Amino acid sequence: MKKRTTTLLFCTSLTVLLFVTGFQTPNNFDLRPGKKLIVKGNMFDAGSATLSEKEAVWLVQLAKYLVKRPDLHLEITGYTDNQGDSAGNKRLSEARANSVKAYLVRNGLEASHIKTFGRGIEKPIASNETDEGRGKNRRVEIVATSPFTERPLTTSNNIPLTPEGRITAMLPPVRSLTPWDVEWHPSILNEPIYEYHRLETGPKARAEVTFSNKHRIQIAEQSLVVLYGKAASPLEGKPNEQIRLVQGGLWVKLKSLKQSEALRISTTSGEFSLGQSSAKIEVDSVKRSLVSVHEGNVSLRSTQNGAKDSAMTIPQNYGTRVASNAPPEAPRPLPPVPELLEPRLTDSLYAGEVVFAWRKASPRVRFEVASAITFAKPLYSLSGANDSAHVRFSEGEWYVKLAAIDSIGLESRSSIYLFRVVPPPVPPRFYILTLLCFMGAVGAGWWGGITKQKHIALWSVVLIAFGCASFFLLHW
């Protein structure tokens, strides 16, 4: 009992000590968009930029948190109260911000990942008329910045930075990894996309991202994509790309009316630049890149020995393949689209199993069924040498897509069909049964009235009930 009491007192004392010293574990920090950290003024001696070692314990923990997140850059801004002259306060606030930076750098952070500013008496968060208010204004604020364009993820009013885009459709399993995360987490619909956002799709999964300029990409199954962001004028030393396809495939549909808003997609073997166009870009099992151009033109610069070398323009309805450290193959025509044989467009489709058949002139075919024309969440999907498929439908409108895939993996543009699926027709015998019920009811009622037999009249009521039930079941 005495030993347990001693242990309890020790744990309580340690908790109080950590609370008093401002200690935080790495899991307490939150530098997502819309979040900031505040270093209080009592970490510095009065009128000084020297950090108090006792009060700065939690900066060590912050450094550990940030070392695990190398893509997360910082903006550190110092503020003061209104005591003293404006110029001196600005110098002091900047010196305090630099002290925090130096402390973090000593504990493992890259100095180039941190920017510092001194704002002096600007933007007070409390009244400068009281000691308590002035104490709150003497502070250093830390916000994360986007690693590509180095824009703050949080404004001075604690508003999140406008995202590059959002996940507008998804067929799980899809996972996300952001610069402020250490571990992957399940993606959610309408999740905002920021710079250096990674998306990974599992088997039979798919994700669609719509950017702020209406560009849209659809990520195929078992793919890994790094979304760098807009980067209209990339910073020195940063990758000159907006999307990196590590594995799998992308369907890209660009909607912007501005010719200058091209989209740059990079793979290990080249960089693809798309303007007002749509295409499929894929990385195959041996890391070769394939591009199939369905609308417009796509520019390609292949990568050889780590540097961009050969340049090429792939026109509409053509495609090419390029391997690392090799010039791209000559553009070749995309395969012809398969011809749908059945069902015919004039056929009525009934809920239940429907057989689709097509005539193909290529080794493989992509066949998909979805309730939306984007095909972001297909009901049924296959890619292979099949020439038919059996699909079970429920009532409603369904889109069917057919595309051809040639021997090296280039994919044709798709033919899309719209079918309306209605309830199956009712067999005539049910109508005959309903009619017989009503006729029997009339006959039983008439005979019961003549013979004055109540049980016959009761049968009339039963037959009318059966007839009404059958009628409503047929037409409800």
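The numbers here are math on the coordinates, done by the rules we state, and not lab data. Since this is a predicted model, take the numbers as computed values, not measurements. Glycine also receives a Cβ, built like all others from the backbone with ideal geometry; neighbour counts cover every protein chain displayed.
Table for the structure above
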read-out	value
Extended-chain gain in nm, criterion 0.36 nm per residue less alpha-carbon gap, S371 and T162	72.2 nm
Neighbour-count order for W184, W58, fewest beta carbons within 10 angstrom listed first	W184, W58
Protection-proxy order for peptides 267-275, 138-146, 122-130, each taking the mean of Cβ atoms within 10 Å per residue, highest first	138-146, 267-275, 122-130
Dipole magnitude of the range 339-422, debye to nearest 20 (Cβ charges: Lys/Arg +1, Asp/Glu -1, about Cα centre)	160
Dipole moment magnitude, nearest 20 debye, the range 279-383 about Cα centre, only Lys, Arg, Asp, Glu C-beta charged	340
Length added when fully stretched, E329-D131, from 0.36 nm per residue minus Cα-Cα	64.0 nm
Most to least packed among 186-199, 204-217, 382-395 [average Cβ atoms within 10 Å]	204-217, 186-199, 382-395
Two-site label geometry, N107 and L382: point separation in nm, points 7 Å out along Cα→Cβ	5.9
